[in-house]
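Working notes, structure below.
The values are calculated or read from the model by the stated rules, or taken from the named source; none is laboratory data. The model shown is predicted, which means the values in this text are computed figures rather than measured ones. FYI the Cβ positions are ideal-geometry reconstructions off the backbone, even for glycines, and counts take in every protein chain you see. Each accessible area value is taken on the protein alone, full model and side chains, heavy atoms only, with ligands, DNA and RNA left out. Shrake-Rupley method; radii C 1.70, N 1.55, O 1.52, S 1.80 Å.
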Amino acid sequence: MTGAEKASSLANFIEVAWRDLGEPCSARTIDMACSFAEVRRRAFDPTTAVLAHGDAHAWNTLVVPGDGPGRFKFVDPDGLFIERAYDLAISMREWGAELLAGDPVSLARRRCRQLARLTGVQPEPIWQWGFIERTSNGLLLLKLGLESLAHEFLAVADAWARADPPWPRIRASNLGQL
C-alpha cells in the first residue's frame with residue numbers, strides 16, 4: 001500500500017466509524033484527522049518514499065538476545081511504501097495515559113520535536129500522521145469494545161484538536177512546495 005492509499009483508507013475509516021459509533025469524539029477532531037489525511041495523501045512522493053514497517057510500536061519490538069544491549073527487531077510488519085514520518089508517528093499514538101496525566105499538547109509537541117531532531121524528518125508530517133493514527137485507532141478500539149482505552153486515545157486526539165497546531169498547516173495551495 002502506498003502512502004496516498006493509506007491516507008485515503010484511514011480518512012474513509014475515520015468518517016464511517018465516527019458516524020457508526022455515534023460520534024464519540026468531537027467533529028473538530030474528525031475534520032482535522034481527515035484534513036491531515038488529505039494533506040498526507042497529496043504529499044505522497046514515490047521518489048522519496050521508503051518501505052516502512054507500518055505498525056512500529058513497542059509491542060511489535062523484540063530484544064535480540066545475546067547481541068549486546070540496545071539491539072531490537074521489529075516484528076509483525078504491515079509493510080507500506082510511504083514517507084519516513086509515518087513509522088515515527090506511530091509512537092505519537094502511544095502513551096495516552098502519560099499524556100493525559102500532564103498537558104497532552106505540550107508533551108506530544110515535545111515528543112514530536114524530539115523525533116524530528118533525532119531523525120531529520122520534519123515535525124509536521126510526524127504530527128499529522130500521529131493525529132490521524134491516534135484518531136483512527138481510538139475509533140477502532142471503540143469498535144472492538146475496548147472502551148476505556150478507546151476513550152483515552154480519543155481524549156488525547158480531542159485535546160490536540162482544540163490546541164493550535166504546533167506547526168503551520170499545509171494548505172492545498174502550497175502542497176507543491178513539499
Which condition breaks for Gly79 when tested against (1) at pLDDT below 85; (2) out of contact with any His (no Cβ under 9 Å at 6 or more places or on another chain); (3) not basic (Lys, Arg)? (2)
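If I filter the stretch 1-39 down to residues being of a type in the set (Gly, Ala, Ser) and surrounded by fewer than 14 Cβ atoms within 10 Å (Cβ to Cβ), which single residue comes out as nearest to Arg162 (Cα to Cα)?
Of the stretch 1-39, the ones of a type in the set (Gly, Ala, Ser) are 3-4, 7-9, 11, 17, 22, 26-27, 33, 35, 37.
Going one step further and asking which of them are surrounded by fewer than 14 Cβ atoms within 10 Å (Cβ to Cβ), we end up with 22, 27.
On the way: Gly22: 20, Ala27: 11 Å.
The extreme case among them is Ala27.
Select from the stretch 89-126 the residues that are of a type in the set (Asp, Glu) and open to solvent by less than 70 Å² (accessible area, probe 1.4 Å) and write down the one among them that is modelled with the highest pLDDT.
Going residue by residue through the stretch 89-126, those that are of a type in the set (Asp, Glu) are 94, 98, 103, 124.
Checking which are open to solvent by less than 70 Å² (accessible area, probe 1.4 Å) leaves us with 94, 124.
Values: Glu94: 84, Glu124: 93.
The residue in question is Glu124.
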